[in-house]
Ligand code: SAH
């Protein structure tokens, strides 16, 4: 078989491994996704039917509208303050926020109160977001530290953001846990294990009974981002809503995936040309929210969330208004809420300041 050519970023990564030794998956993912020139999110717009993958707001306007209702309900629960900072983490094409803000435009005061802040690193997506959201005068930031510790109440939205942050993987061998590292064998990237094992103190209790060869993933970047944002939400009052695919309890399993042109690919092949993600460990993420001083509400799934926000009646109204589109609207509703589509794989986590009980999350007791 002819040797397939590596990508320019792949060559850089191999040179780095040659120089410094095997590379942590978190370093590899960070380079693949956000390398300044060659990273996946730096180059182009990967979203939508013509791109590599499609997200809930790109499936139907109803998704963003339900988030809009949640923002409105949370703002009212905060006492309808005259100023809030509304932050979206990883806004993609800006579709979610445009649908959300359009849905609440008739609620007196909310749009005037909201200062819109978008956390984004992709120049291509920032351009698209500018087109979608310019009427709301958003500001762009590159990191959570750019959100000040003090200020008006905060409402934060993150859809399919945490899955895009770098993870590390560990594997059990001979009764001990080692980090999985990316090395080179005959010039090709390949998986290996660190020489020194992980100290037992660093392991979650859920791993106690794991057997040899099992893989555990830890998302230290996501955990830090969550703790930092929770600190601001707790201190300024407000709430964060994170929607993503993942599991509700820390568990073992390899969930690293590479997707290009709507197909799964080998994560070590073609760096910079595939989207790399991992399922979110919501138990760990909620814990980080508490570490930051926030209150983590019990996890619900996307079906429960969208139903509580009224997606059923909204779909009925849209179908009545556009009978010719009824089939498409019904299909989109199914895709967003069916158990075998996105409905149960996708979970919704809410972290709020301690006095708040945001709808539709029930108090933790
Ligand atoms: N929320 C959007 C897009 C999801 S894709 C939607 O639902 O359609 C992930 C988004 O996070 C993209 O906008 C991507 O550019 C952004 N992103 C990924 N890694 C990031 C990082 N480290 N910092 C800031 N934004 C990031």
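The values are calculated or read from the model by the stated rules, or taken from the named source; none is laboratory data. All values derive from a computational prediction rather than experimental measurement. Glycine also receives a Cβ, built like all others from the backbone with ideal geometry; neighbour counts cover every protein chain displayed.
Just to be sure before I move on: is residue 125 closer than 17 Å to residue 42 by Cα and in a strand (DSSP E or B) in the structure I sent? So residue 125 fails the test.
Pairs are defined by a Cβ separation below 7 Å, a sequence spacing of at least 6 or placement on different chains, a first member in region 200-222 that is at positive phi, and a second member that is surrounded by 10 or more Cβ atoms within 10 Å (Cβ to Cβ); the pairs so defined are 213/171; 213/172. Within region 297-312, is there a residue that is out of contact with any helix residue (DSSP H, G or I) (no Cβ under 7 Å at 6 or more places or on another chain), assigned to a helix (DSSP H, G or I) and exposed (fewer than 14 other Cβ atoms within 10 Å of the Cβ)? Within region 297-312, one or more residues are out of contact with any helix residue (DSSP H, G or I) (no Cβ under 7 Å at 6 or more places or on another chain), assigned to a helix (DSSP H, G or I) and exposed (fewer than 14 other Cβ atoms within 10 Å of the Cβ).
Listed conditions (1) modelled with pLDDT of 95 or more; (2) touching a helix residue (DSSP H, G or I) at 6+ places or on another chain (Cβ under 8 Å) are all met by residue 178, apart from (2).
Of the helices (runs of 4 or more DSSP H) entirely within region 1-71, those holding at least 1 residues that are without any contact (Cβ under 8 Å) to a residue 40 or more places away in the chain and away from the ligand (no atom under 14 Å from the Cβ) occupy 8-20.
Which residue, of 190, 224, is closer than 30 Å to residue 113 by Cα and surrounded by fewer than 17 Cβ atoms within 10 Å (Cβ to Cβ)?
Criteria check complete, one pass: 224.
Restricting attention to region 236-249, the residues that are at negative phi, over 15 Å from the mean Cα position of the chain (by Cα) and surrounded by 18 or more Cβ atoms within 10 Å (Cβ to Cβ) add up to 2.
Conditions tested, residue by residue: (1) more than 9 Å from the ligand (Cβ to nearest atom); (2) under 10 Å from residue 90 (Cα atoms); (3) without any contact (Cβ under 8 Å) to a residue 60 or more places away in the chain; (4) within 19 Å of the chain's Cα centre (by Cα).
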{"site": "129", "(1), (2), (3), (4)": "no, no, yes, yes"}
{"site": "138", "(1), (2), (3), (4)": "yes, no, yes, no"}
{"site": "143", "(1), (2), (3), (4)": "no, no, yes, yes"}
{"site": "156", "(1), (2), (3), (4)": "yes, no, no, yes"}
{"site": "165", "(1), (2), (3), (4)": "no, no, no, yes"}
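Which residue is surrounded by the fewest Cβ atoms within 10 Å (Cβ to Cβ), if the candidates are limited to region 255-268 and must be free of Cβ contacts under 8 Å to residues at least 24 places away in the same chain and under 12 Å from residue 28 (Cβ atoms)?
Kept after step one, since they are free of Cβ contacts under 8 Å to residues at least 24 places away in the same chain, are these residues of region 255-268: 257-258, 263-267.
Adding the requirement that they be under 12 Å from residue 28 (Cβ atoms) leaves 258, 267.
Working: 258: 21, 267: 23.
It comes out as 258.
All but one of (1) over 23 Å from residue 213 (Cβ atoms); (2) out of contact with any helix residue (DSSP H, G or I) (no Cβ under 7 Å at 6 or more places or on another chain); (3) assigned to a loop (DSSP other than H, G, I, E, B) hold for residue 272; which doesn't? Of (1) over 23 Å from residue 213 (Cβ atoms); (2) out of contact with any helix residue (DSSP H, G or I) (no Cβ under 7 Å at 6 or more places or on another chain); (3) assigned to a loop (DSSP other than H, G, I, E, B), only one is false for residue 272: (2).
The one condition from (1) away from the ligand (no atom under 16 Å from the Cβ); (2) surrounded by fewer than 18 Cβ atoms within 10 Å (Cβ to Cβ) that residue 233 does not meet is (2).
Mind checking whether some residue in region 101-119 is more than 9 Å from the ligand (Cβ to nearest atom), in contact (Cβ under 8 Å) with a residue 24 or more places away in the chain, under 24 Å from residue 277 (Cβ atoms) and outside any strand (DSSP E or B)? No, region 101-119 contains no residue that is more than 9 Å from the ligand (Cβ to nearest atom), in contact (Cβ under 8 Å) with a residue 24 or more places away in the chain, under 24 Å from residue 277 (Cβ atoms) and outside any strand (DSSP E or B). The number of residues in region 78-95 that are away from the ligand (no atom under 12 Å from the Cβ) and either crowded, with 17+ Cβ neighbours inside 10 Å or at pLDDT below 95 (or both) comes to 4.
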